[in-house]
Amino acid sequence: MGDRKQPRDEEFQSFVIGRWPRLMRTAFLLTGEQHAAEDLVQSTLEQAYVAWRRVGSADGPEAYGRRVMINAHAREHRRRLREFLARGDDSGLVREIADTGDRIAQADDRSALLTALAQLPPRQREAVVLRYGEDLTETQTAEAMGCSVGSVKS
């Protein structure tokens, strides 16, 4: 049994190594925070590993990873919205992107981009990140988000 698991683990490891920078960039654009992005990528990779036998043999493990990431991000926003509505205040719902001292956050154009992304509603933010950050077509973006192409266009 261990002999069959080793090639699968190696295949998954090469996927993670090859895709880590892009996954982190996408997660950072979605969340606006380095630590939240790392958590999002980690949970995405956990789910991908559990299903790797099915995912690795499919044509698009990258598409699967994007879909898992979008779903996890959407769940987190729904959870925060429920907490916000239960509390009745707006603390933590809209957050400013703090200057963390890293090169990305210090760049003026990156800061402007992150600020603009933070002001978008979650679904619009997902569409913008997938369409322009991941450079997906409208059809690929719609598939990743589970919506129609018209919704992506609007």
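The values are calculated or read from the model by the stated rules, or taken from the named source; none is laboratory data. Every value quoted in this text rests on a predicted model; they were computed, and no experiment measured them. Note that we place each Cβ from the backbone using ideal geometry, even for glycine, and neighbour counts take in every protein chain shown. To get the accessible areas, we keep the full protein, side chains included, count just its heavy atoms, and leave off ligands, DNA and RNA. Shrake-Rupley method; radii C 1.70, N 1.55, O 1.52, S 1.80 Å.
Would you mention how many residues in segment 108-143 are closer than 16 Å to Ala74 by Cβ, touching a residue at least 24 places away in the same chain (Cβ under 8 Å) and open to solvent by 60 Å² or more (accessible area, probe 1.4 Å)?
Of the residues in that region, 2 qualify.
List pairs: first in segment 31-60 and at pLDDT below 90, second not in a helix (DSSP H, G or I), Cβ under 7 Å, 6+ apart or cross-chain?
Close Cβ pairs (under 7 Å, with a partner that is not in a helix (DSSP H, G or I)) amount to Gly32/Ile97.
Residue by residue through segment 41-80, note down the ones that are outside any helix (DSSP H, G or I) and either open to solvent by less than 70 Å² (accessible area, probe 1.4 Å) or touching a strand residue (DSSP E or B) at 6+ places or on another chain (Cβ under 9 Å) (or both).
Answer for segment 41-80, where residues must be outside any helix (DSSP H, G or I) and either open to solvent by less than 70 Å² (accessible area, probe 1.4 Å) or touching a strand residue (DSSP E or B) at 6+ places or on another chain (Cβ under 9 Å) (or both): Ala51, Ala58, Gly60.
Here is a list of conditions, (1) open to solvent by 90 Å² or more (accessible area, probe 1.4 Å); (2) at pLDDT 90 or above, and Lys5 meets all of them except one; can you say which number that is?
(2)
Have a look at Gly88, Gly92, Gly146 and point out the one that is surrounded by fewer than 17 Cβ atoms within 10 Å (Cβ to Cβ), modelled with pLDDT of 75 or more, at positive phi and among the small types (Gly, Ala, Ser).
Gly146
So Ala116 ticks every box in (1) at pLDDT 85 or above; (2) out of contact with any Lys or Arg (no Cβ under 8 Å at 6 or more places or on another chain); (3) farther than 19 Å from Arg22 by Cα but one. Which box is left unticked?
Single failed check for Ala116: (1).
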